[in-house]
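K.L.:
Let me give you the structure first, and then I'll get to my questions.
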Amino acid sequence: YGGNCGNISAAVGPFAIDEGLVPAVEPITRVRIHQVNTNCILVADVPVKDGKACVQGECKIDGVPGTGARIMLDFSDTAGSTTGKLLPTGNPTDLVHVEGHGDFEVSIVDAGNVLVFIEAASLGLKGTESCAEIESNKALTDLIEAIRATCTVKIGMAASLREATEKSAYVPFFAIVSKPADYVAAIDGHFVRAQEVDVVSRLSFMLHMHKTYPGTGTVCTGAAARIPGTLVYRQLSEEARTRSELRIGHPGGV
């Protein structure tokens, strides 16, 4: 209960409208949502027709079957919602010492949810590996958790490495970032070209690799991409640094 959830957040607006908790206004009803976990406000713009939240639509999200109505969520109030700061350590990057493994450069960012970012090369990866390739390498997944747990303690979310793994497995998330490159999407096997994305990321969530990309993880990755000096910013394509829209390449696709 210490983090935010994009899936649940997306459901609150339609529920509030359909249950009459807020007046239905066509074509879009704006719903303000108090996120009790982190004491912040989300704003949902929900399409409405005939007094009810729309279900049918053309919006498609990797990992979700079919299409549906587009629900827009404003997560801007979640900056620093878990740790109190957008950059919990005050730095865009930090060098952390991981017991038994050495030093690693990371970026820790708190927006949507807290994420620990690392460059793929720091883990001996290209960055385009599939979830299965990463999860099948136990030495690698143990290292990922050791880094994540160390950062969890560093920002005060756990008192020990053991507590970080046992009691704070949900947050922080852990993301492996690299420059745009060709890869095959995990969900449907389609080929994603480097020019279609601005940065590539693989995300570990609840100690497993996520086959698409969590909504709150996308919020944080997008925020990190706009902060000069972070590892995400460092991996962006040059053209992406001056463009407002960000395209994150993840195992699910574009």
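K.L.:
Which residues, counting only those in region 229-254, are outside any loop (DSSP other than H, G, I, E, B), among the aliphatic types (A, V, I, L, M), at pLDDT 85 or above and touching an Asp or Glu at 6+ places or on another chain (Cβ under 9 Å)?
P.N.:
Start the filter on region 229-254 by keeping residues that are outside any loop (DSSP other than H, G, I, E, B), which leaves 231-235, 239-242, 248-250, 253.
Keeping just the survivors that are among the aliphatic types (A, V, I, L, M) gives 231-232, 240, 248.
Then drop every residue that is not at pLDDT 85 or above, which leaves 231-232, 240.
Once the filter is applied, which keeps residues that are outside any loop (DSSP other than H, G, I, E, B), among the aliphatic types (A, V, I, L, M), at pLDDT 85 or above and touching an Asp or Glu at 6+ places or on another chain (Cβ under 9 Å), region 229-254 yields 231, 240.
K.L.:
Okay, moving on. In a strand (DSSP E or B) and crowded, with 18+ Cβ neighbours inside 10 Å: does that describe residue 46?
P.N.:
On the way: in a strand (DSSP E or B): yes; crowded, with 18+ Cβ neighbours inside 10 Å: yes.
Taking the combined requirement at face value, the residue satisfies it.
K.L.:
Next question. Return the residue satisfying two criteria in turn: it lies in region 9-24 and is surrounded by 12 or more Cβ atoms within 10 Å (Cβ to Cβ) and out of contact with any helix residue (DSSP H, G or I) (no Cβ under 9 Å at 6 or more places or on another chain), and of such residues it is farthest from residue 220 (Cα to Cα). So that I can check it myself, show each step before the final result.
P.N.:
Residues of region 9-24 that are surrounded by 12 or more Cβ atoms within 10 Å (Cβ to Cβ), as a first pass: 9-18, 22, 24.
So of that shortlist, the ones also out of contact with any helix residue (DSSP H, G or I) (no Cβ under 9 Å at 6 or more places or on another chain) come out as 11-18.
Numbers: 11: 20, 12: 21, 13: 22, 14: 24, 15: 26, 16: 26, 17: 28, 18: 30 Å.
For region 9-24, the residue satisfying everything is 18.
K.L.:
What do you reckon, is residue 98 buried (at least 21 other Cβ atoms within 10 Å of the Cβ) and not charged (D, E, K, R)? Can you show your working first?
P.N.:
Working: buried (at least 21 other Cβ atoms within 10 Å of the Cβ): no; not charged (D, E, K, R): yes.
Criteria not met by residue 98.
K.L.:
Could you please tell me which pairs satisfy a Cβ distance under 8 Å, a separation of 6+ or placement on different chains, a first residue in region 133-158 that is touching a residue at least 60 places away in the same chain (Cβ under 8 Å), and a second residue that is of a type in the set (D, E, K, R) and in a helix (DSSP H, G or I)?
P.N.:
141/135
K.L.:
Select, from 147, 108, the only residue that is buried (at least 17 other Cβ atoms within 10 Å of the Cβ), in contact with a helix residue (DSSP H, G or I) (Cβ under 6 Å, 6 or more places away or on another chain) and not hydroxyl-bearing (Ser, Thr, Tyr).
P.N.:
108
K.L.:
Also: Just checking, does region 4-14 include any residue being in contact with a Pro (Cβ under 8 Å, 6 or more places away or on another chain), within 28 Å of residue 179 (Cβ to Cβ) and not in a loop (DSSP other than H, G, I, E, B)? Write out each step before concluding.
P.N.:
As a first pass, look at region 4-14 and keep what is in contact with a Pro (Cβ under 8 Å, 6 or more places away or on another chain): 6.
The next check asks that each one be within 28 Å of residue 179 (Cβ to Cβ); those that pass are 6.
With not in a loop (DSSP other than H, G, I, E, B) added as a condition, the list becomes 6.
Taking every residue of region 4-14 in turn, at least one turns out to be in contact with a Pro (Cβ under 8 Å, 6 or more places away or on another chain), within 28 Å of residue 179 (Cβ to Cβ) and not in a loop (DSSP other than H, G, I, E, B).
K.L.:
Among the listed residues 221, 165, 230, identify the single one that is of a type in the set (Ser, Thr, Tyr) and surrounded by fewer than 24 Cβ atoms within 10 Å (Cβ to Cβ).
P.N.:
Unique residue meeting the criteria: 165.
K.L.:
Continuing with this model, one more query. Determine which single condition residue 20 fails, assuming it passes every other condition in (1) assigned to a loop (DSSP other than H, G, I, E, B); (2) modelled with pLDDT of 95 or more; (3) on the phi < 0 side of the Ramachandran plot.
P.N.:
Residue 20 satisfies all of (1) assigned to a loop (DSSP other than H, G, I, E, B); (2) modelled with pLDDT of 95 or more; (3) on the phi < 0 side of the Ramachandran plot except (3).
The values are calculated or read from the model by the stated rules, or taken from the named source; none is laboratory data. Only a predicted model underlies this, so the values are computations on that prediction, with no experimental measurement involved. Neighbour counts run over all protein chains shown; Cβ positions are idealised from the backbone, glycine included.
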